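Derivation of every value follows stated rules applied to the coordinates shown; laboratory data play no part. Keep in mind that this is a model prediction, so the values were computed, not measured. Using ideal geometry, Cβ is built from the backbone for each residue, glycine included, and neighbour counts are taken over all protein chains shown.
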Amino acid sequence: MSPTRRAFLWSTVLVAAGMVVVRAATPFRFALTPVFLDNDAAVLSALRTALAYGIANEVELVQRRTYQEITGALLDGSVDAAWTCGYPFLQHRESLTILGAPVWRGQPRYQSYLIAAADDPATDLAGLAGGIHAFSDPDSNSGFLVTASDLGRMGQTPETFFARTIFTYGHRNVVRAVAGGLARSGSVDGYVWETLAEAEPALTARTRVVARSEWLGFPPFVARTDRLSEPGIAACRDTLLSLRQHSAGREALRLLRLDRVEPAEPGLYDGIAARMAEMGRLR
């Protein structure tokens, strides 16, 4: 079915439900990467429904394997907005603006976790030298930058410190790699690990948190700065910030285990910026 036909049918359903709206001819394209728990059909469906309710348009969730692909799609206009990471946001801060930051367990922050197998004797990063390490994505703060900058402080790089490194392109995949013995250790988003501990406790039970980073800005929702005045982008921002105000939004937040989405300034990501600066000085 063509996008135009889908949009027409979506409008018909809403009018039948008593919601008189004017919908765009093409869907609003919202991008995600596999670093989140986005391979869960219920989560995807709830998020799409919540966004569509507020934006008053059909929403197409666009999934890509890497942050680089998502950033490229944002910059070239292939997608309208995205849930990304603080690291790629700061890499393109001159072109991107924050639409909102998720609040998790009372604050818009999270930590990077360094994990190992449940029976591994390591008590810190230094104790994991010479093993195989799983990263999530080279443009991920929690899944790469934190550990890489910690190693820089030790006068090391991932290539010199670990026997081998792999990129799994998904935080759940990092946990699986460590739990299954494919890697001795891994760098993972603490929000994802804690959410998995609730949803898949048998998986996380085979791993152990060796170290936690400082609290850092939670991965934000962003859009291109020069498109902020577009009705669809403005509606997306308003929808994200008001998710708690309707049942569809509350269901999406419940499944994502988030409290709400709130306005945020770039300063929230100063901790990530400091680590990026450290890495720049080391090069």
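Residue by residue, the range 246-263 carries 3J(HN,Hα) couplings of 9, 5, 5, x, 5, 5, 4, 4, 4, 5, 7, 6, 10, 7, 5, 10, 10, x Hz when phi is fed to the Karplus relation 6.51 cos²θ - 1.76 cosθ + 1.60 (θ = phi - 60°); x denotes Gly or Pro.
When the helix-only estimate is applied to the chain (DSSP H runs of n ≥ 4, each -39,500 (n - 2.57), divided by the residue count), what is the mean residue ellipticity at 222 nm, nearest 500 deg cm²/dmol?
Rounded to the nearest 500, the figure is -11500 deg cm²/dmol.
By the count of neighbouring beta-carbon atoms within 10 Å, fewest first, Ile233, Ile166 end up ordered Ile166, Ile233.
For the range 112-213, report the translational diffusion coefficient in µm²/s to the nearest whole number, using Stokes-Einstein at 25 °C, 0.890 mPa s, and a Kirkwood Rh over Cα pairs. Result for D is 190 µm²/s. For the chain, the longest principal axis of the alpha carbon atoms and the long axis of helix 190-199 meet at an angle near 80°.
For the range 172-283, pairs of C-alpha atoms spaced more than 16 angstrom apart make up 72 percent of the total. For the chain, averaging the sequence separation of C-alpha pairs within contact (under 8 Å, six or more residues apart) and dividing by the residue count gives a relative contact order of 27 percent.
Ordering Cys236, Cys85 from the fewest to the most neighbouring beta carbons within 10 Å gives Cys236, Cys85.
Summarising the amide proton neighbourhood of Leu96: residues at separation of 5 or more, or on other chains, whose placed amide H is nearer than 5 Å comprise Thr225.
By other beta-carbon atoms within 10 Å, ranking Arg208, Arg153 with the fewest at the front produces Arg153, Arg208.
Taking each residue as 0.36 nm, the span from Arg250 to Arg212 lengthens on full extension beyond its C-alpha to C-alpha distance by 10.7 nm. When only Cα pairs below 8 angstrom with a gap of at least 6 residues are kept, the range 112-213 shows a relative contact order of 46 percent.
Computed as a quarter of the hull surface, the mean projected area of the alpha carbon convex hull for the range 100-153 stands at 5.3 nm². The label-point distance for Ala234 and Thr49, in a model that sets each label 7 Å from Cα toward Cβ, rounds to 2.9 nm.
Amide H contacts under 5 Å for Glu262: Ala101, Val103, restricted to partners 5 or more places along the chain or on a different chain, H placed in the peptide plane at 1.01 Å from N. Gain on full extension, evaluated as 0.36 nm per residue between Glu265 and Ser242 minus their Cα-Cα distance, stands at 6.5 nm. According to the Cα-based calculation, Rg over Rh for the chain is 1.00, with Rh computed by the Kirkwood formula. Our compactness index for the range 48-164, the C-alpha radius of gyration over the empirical 2.2 N^0.38 Å, is 1.33. Using Cα atoms only, what is the angle between the long axis of helix 41-55 and the major principal axis of the chain, expressed in degrees (0 to 90) to the nearest 10? Compared with the principal axis, the helix lies near 50 degrees. Once both labels are positioned 7 Å from their Cα atoms along Cα-to-Cβ, the gap between Gln68 and Gln107 label points is 3.3 nm.
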